[in-house]
There are 2 protein chains.
Amino acid sequence: MPAKMIPDIVIGRMPIYLRALTRKYQSGRTVTSSQELGERLGISAAQIRKDLSQFGEFGKQGTGYNIEFLIQKIQEILKVNRIWDVALIGAGYIGHAVANYGGFHKRGFQITKIFDTDPSKIGKEYNGIKVQDFSTMKTEIQKAGIQIAMLTVPAEAAQEVADQLVEAGVKAILNYAPVSLKVEKGVRVQHIDPAVHLQNMTYYLD
Amino acid sequence: MPAKMIPDIVIGRMPIYLRALTRKYQSGRTVTSSQELGERLGISAAQIRKDLSQFGEFGKQGTGYNIEFLIQKIQEILKVNRIWDVALIGAGYIGHAVANYGGFHKRGFQITKIFDTDPSKIGKEYNGIKVQDFSTMKTEIQKAGIQIAMLTVPAEAAQEVADQLVEAGVKAILNYAPVSLKVEKGVRVQHIDPAVHLQNMTYYLD
C-alpha cells in the first residue's frame, strides 16, 4: 500500500480504468494511450496520466500503456488480484439477481454466504449457496472473517443490518437500499443508486 | 442549457452533489460549504467550487451555499425539475426489484412501461404497471416518446434490445446487464456495475 494519501476520488476512478482496459484487452488490443482511454471515458488524458502517476510509472511518453501490464498493476493497487469472500444480506428479488450476477468472480469477488429472515427462503439455494437464517449472520460472518457485504434488504431494515455487519467485522458495505447508512470511521459504504445514473444522462436530453 | 462545453466528468459529479445536498436538507440543514460537502464526499473543496462555478455563481465567499437554492439550481441543470417517463425492459428478478424501487419519483423519474418476452409475465402488474409483450416495445416507446430506458434483460440479449431501443428513439439507457453496449453517437449509456463499487472499497481493506 502506498504510504502517501491518495484522494478517494482518484481511487474511485481506478475501477473505471480497469473496466475499460479489460474490455480493450478482451477485444484483442495490447496497447492504449491516455488520450484514447480519456475519449472513451469522458475524462481528460491529463487527468488519467496524473491519476496513474500517483502509483508509479506505468507508461512511456509517446509509446502509451501496455494494457496487460496496466491491468495487472491496477488489480494490485485495488487488491483484486485475489478473490474476496462476500456476504449477501437479503434474498429478495434484488438479492436473487445479485446472487446470480455473472460479473463478480473474474473481477475479484465471490458470494460465499447469503442470509435472510424469511423462513420460506432459508434453506433454498441461490447459485449454489444456501440461504441461512439471518439470526446466525453475525457469528457466521465473524467465524468466516468476511469483510465485505452486499445489502439488499428493505430500506427500513438497512441501518439495523448495517450495524450488525459492522459489529461482525465487516469493513465494506455495498448498499442497494435507497437510504443513507451511518457507519463508524474505518467502514466504507458504497451505494447502488440508479437515480444518480439516470440524472447523469438527463443533462444531455432535450 | 449552457453554451460552453462542460466535461462529462463534471456533469457526472452533479447528481452526487444533489444527493448529498438533499440529505443535508432533509436533516434540517439550510446552509453548507464546499469544505463540508467535500469532506463528506471525498472530493476537494476547490474541485466542488470549480465544478459549480461552471454553471454560475451559487454561493458567496465566506457565507457558503444556501442548500435549498443550490438543490433547485442543480435540479435545473440536470433537468430533473420535472418527471421523466422511463421504460423498463426485462421483468425478471432485477426488473421486479427496479419496478418497486422507492427512490425514483422524487428524483425526477417514473417507470411508465414494462416489457418482457416471457408469456408468464406479460399481463402481470409490477407496482401498478402492466408488463407488455416485448414485440410491441418499439412502437409503444415511439408512440409515448420515451427517451429513457432501463435494461434488465439477460447479458446475451442486451445488445439486441439496446439496438431496438435506439431505433425507437431512446437516448439514454441504464444497463444492468454485465456487458458493454455499443450505441450510436448521441445515445448515452450508464452501467449499474456492482463490481466497480466493490473494487472501490477493497483498496482500503487489509
The base-10 log of I(q)/I(0) that the Debye equation returns for segment A:8-111 at q = 0.10, 0.13, 0.17, 0.19 Å⁻¹, one scatterer per C-alpha, is -0.33, -0.54, -0.82, -0.96
I need the calculated FRET efficiency for the pair B:LYS185 and B:ASP163, taking r as the beta carbon distance and R₀ as 22 Å, to the nearest 0.05.
0.90
Using a 1.4 Å probe, what is the accessible area per residue for chain A, in Å²?
47 Å²
Rounded, prolate or oblate: which fits segment B:146-202 when a ≥ b ≥ c are the square roots of the eigenvalues of the alpha-carbon gyration tensor, with rounded for a/c under 1.5 and prolate only if a/b beats b/c?
prolate
Report the antiparallel proportion of the DSSP beta bridges in the protein assembly as shown as a percent, rounded to a multiple of 5.
20 percent
Using +1 at the C-beta of Lys and Arg and -1 at the C-beta of Asp and Glu, which of A:PRO15, A:ALA91, A:THR32 has the Cα lying farthest in the positive direction of the dipole of segment A:1-94?
A:THR32
Run the helix sum for chain A: -39,500 (n - 2.57) per DSSP H stretch of 4+ residues, divided by residue count, reported at 222 nm to the nearest 500 deg cm²/dmol.
-12500 deg cm²/dmol
Amide H neighbours of A:PHE109 under 5 Å, counting only residues 5+ apart in sequence or on other chains, H built in-plane at 1.01 Å?
A:TRP84
Could you name the lysines in cross-link range of B:LYS143, using Cα to Cα under 16 Å and dropping any fewer than eight places away on the same chain?
B:LYS113, B:LYS171
Can you tell me which aspartates and glutamates have their Cα less than 16 Å from the Cα of B:LYS121? Leave out same-chain residues fewer than eight positions away.
B:ASP133
Compute the accessible area of each residue in segment A:107-134 twice, once for its chain alone and once with every protein chain present, using a 1.4 Å probe on heavy atoms, and list those whose area falls by at least 10 Å².
A:ARG107, A:PHE109
Take chain B, connect every pair of alpha-carbon atoms lying under 10 Å apart with a spring to form a Gaussian network, then pick out the residue of B:PRO119, B:PRO15, B:PRO194 with the largest mean-square fluctuation.
B:PRO194
What is the dipole size for the protein assembly as shown, taken about its Cα centre, with +1 at each Lys and Arg Cβ and -1 at each Asp and Glu Cβ, in debye to the nearest 20?
920 debye
For B:LYS60, inter-copy label distances in nm, listed shortest first [label point 7 Å out on the Cα-Cβ vector]
5.8
Which Cα, out of A:ILE146, A:SER120, A:ALA158, lies furthest along the positive dipole direction of segment A:117-206 (beta carbon charges, K/R +1, D/E -1)?
A:ILE146
Can you tally the net charge around B:ILE43? Count Lys and Arg as +1, Asp and Glu as -1, for every other residue whose Cβ sits under 10 Å from the Cβ of B:ILE43.
-1
Summarise the accessible area of chain B (1.4 Å probe, protein heavy atoms) by the percent that is carbon and sulfur.
50 percent
Pull up all non-local amide H partners of A:MET150: gap of 5 or more, or a different chain, and H-to-H distance under 5 Å with H placed in the peptide plane.
A:ALA87, A:LEU88, A:ILE89, A:LEU174
Sites B:ASP133 and B:VAL10 - FRET efficiency at Förster radius 60 Å, r taken between beta-carbons, to 0.05:
0.90
Using only alpha carbon positions, build the gyration tensor of segment B:68-134, then give the equivalent ellipsoid semi-axes as the square roots of 5 times its eigenvalues, largest first, whole angstrom.
30, 10, 8
Please compute the net charge surrounding A:ASP193, taking Lys and Arg as +1 and Asp and Glu as -1 over other residues with Cβ under 10 Å from its Cβ.
+2
Chain pair B, A: how much accessible area is buried, both chains summed, with a 1.4 Å probe, in Å² to 100?
6200 Å²
Build a GNM of chain B with springs between Cα atoms under 10 Å: which of B:GLY169, B:GLY186, B:GLY108 gets the top mean-square fluctuation?
B:GLY186
log10 I(q)/I(0) for chain B, Debye formula on C-alpha points only (no solvent), q = 0.10, 0.12, 0.15 Å⁻¹, two decimals, reads -0.53, -0.74, -1.04
Once segment B:2-43 is represented by equal point scatterers at the alpha-carbon sites, with solvent omitted, what log10 I(q)/I(0) does the Debye formula produce at q = 0.20, 0.26 Å⁻¹?
-0.68, -0.93
Is the protein assembly as shown rounded, prolate or oblate when judged by the Cα gyration tensor, a ≥ b ≥ c being the square roots of its eigenvalues, rounded requiring a/c under 1.5 and prolate requiring a/b larger than b/c?
rounded
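The values are calculated or read from the model by the stated rules, or taken from the named source; none is laboratory data. Not measured: the values here are computed from a predicted model. All Cβ positions, glycine included, derive from the backbone under ideal geometry; neighbour counts span all protein chains shown. These accessible areas exclude ligands, DNA and RNA; they are computed on the full protein's heavy atoms, side chains included. Shrake-Rupley method; radii C 1.70, N 1.55, O 1.52, S 1.80 Å.
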